[in-house]
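Below is one structure, written out as structure tokens, with a few remarks after it.
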């Protein structure tokens, strides 16, 4: 089996090196017995839907590994493949790291492009929102360490992520955090290269971007990581602006209005507007539970001047990660509870023999029998001997009575004549048209 896999890999590498088309590669793969493309994966349920396509769960039939497939909708023939998808593929092929999502395969199918990623169970946003999870300082330190490790690798390879936010930080079954969604990522480093400033979700956007800067570097990713750091500590988004102007107001209201001394080039930014002076708030008052080392790192990451802002690599070397408590091992980090799938309504038979749909909240009822409060299931079993000869209804299909308050007057039980009348009325109600009702 190992020899076969090595042979297949060598054949593929030769074919790809000679720039042969995917049809030739697929033909060779089928000849040696390995399915490729859409035939290789068995689709499952949808995991989500984004701007460019749908993500669904699948199983790789060759490796029996669970994967996540991102189906990207292609434009018309003249438009070709989505440029965002091509950039994401190119960059992820170059970024191989334990803290960056792995792109395993790419294949076209039915005019759509499919990107196959390793399957991740959850994301950091679910952890922050789950109030059943207590995030200790060691847990926050572990998450920030993994985020910064992934960022440091990106910046070392001259890649800006430009879309850091908690739901783009995915968590595996072993608790490992990985950077994902590189659709807005770009190569940086050219001194005169200009980028769009409309990147990042607004709450994680650096102030130089909000002022319209088109020449920026890795500091924008570090600012977004600082916002996520604060969100981990506070368990809520830190700076929640409703517009770019409001976002700047939120930033200046917390860190103070910057001047030339703090940020020498601020007035030369394209969309610079002067704000009324606001004094900075104390970091200790903003994060009362944080340690001194944690506050010092936050201050360095939230530095206004991007040239003076700490880098991801230097942040990893900060004393915050060397002091106690040590970062929690990733396999010990608590993961959010998966949302429960609500059961379908219970199907019951009415005394008339018709199917009745009852919501799950009505599966346990209270009824008084002989002065004792019993559940509906117990009451049904106690009265089954009396009801069975008259109704001919199976024991598992006894109607669940409505909830009642034991303190109020009880509804009288039905005698034989009343039950016969109710049965006839139910039959009439079932077959009457809505107009006649």
Worksheet item: Could we say that residue 166 is under 25 Å from residue 327 (Cβ atoms), in contact with a strand residue (DSSP E or B) (Cβ under 8 Å, 6 or more places away or on another chain) and surrounded by fewer than 20 Cβ atoms within 10 Å (Cβ to Cβ) here?
Response: no
Practice prompt. Could you grab me the full set of residues in segment 258-272 that are surrounded by 10 or more Cβ atoms within 10 Å (Cβ to Cβ) and free of Cβ contacts under 8 Å to residues at least 24 places away in the same chain?
Written response: 259, 267
Item to complete: State all residues of segment 21-39 that are at pLDDT 70 or above and out of contact with any helix residue (DSSP H, G or I) (no Cβ under 9 Å at 6 or more places or on another chain); if no residue qualifies, say none.
Response: 38
Worksheet, complete the sentence: When restricted to 159, 127, 83, 153, the only residue over 22 Å from residue 40 (Cβ atoms) and modelled with pLDDT under 90 is 83
Response to the item:
Of the conditions (1) farther than 13 Å from residue 334 by Cα; (2) at pLDDT 95 or above, the single one that residue 139 does not satisfy is (1)
Practice prompt. Go through (1) part of a helix (DSSP H, G or I); (2) over 27 Å from residue 234 (Cα atoms); (3) in contact (Cβ under 8 Å) with a residue 40 or more places away in the chain; (4) in contact with a strand residue (DSSP E or B) (Cβ under 7 Å, 6 or more places away or on another chain) and name the single condition residue 143 misses.
Written response: (2)
Discussion item. Please determine whether any residue of segment 203-218 is free of Cβ contacts under 8 Å to residues at least 24 places away in the same chain, more than 28 Å from the chain's Cα centre (by Cα) and more than 15 Å from residue 275 (Cβ to Cβ).
Written reply: yes
Worksheet item: For segment 90-101, which residues satisfy the criterion of being free of Cβ contacts under 8 Å to residues at least 60 places away in the same chain and surrounded by fewer than 16 Cβ atoms within 10 Å (Cβ to Cβ)?
Response: 90, 93, 96
Worksheet item: Quick check, is residue 90 farther than 17 Å from residue 185 by Cβ and not assigned by TED's automatic domain parsing to the domain that holds residue 293?
Response: no
Practice prompt. Among residues belonging to segment 164-184 that are more than 13 Å from residue 101 (Cα to Cα) and at pLDDT 95 or above, point out the one that is nearest to the chain's Cα centre (by Cα).
Written response: 166
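The values are calculated or read from the model by the stated rules, or taken from the named source; none is laboratory data. Here the structure is a predicted model, which means the values were calculated and not measured. Ideal geometry is used to build each Cβ from the backbone, glycine not excepted, and the neighbour counts take in all protein chains shown.
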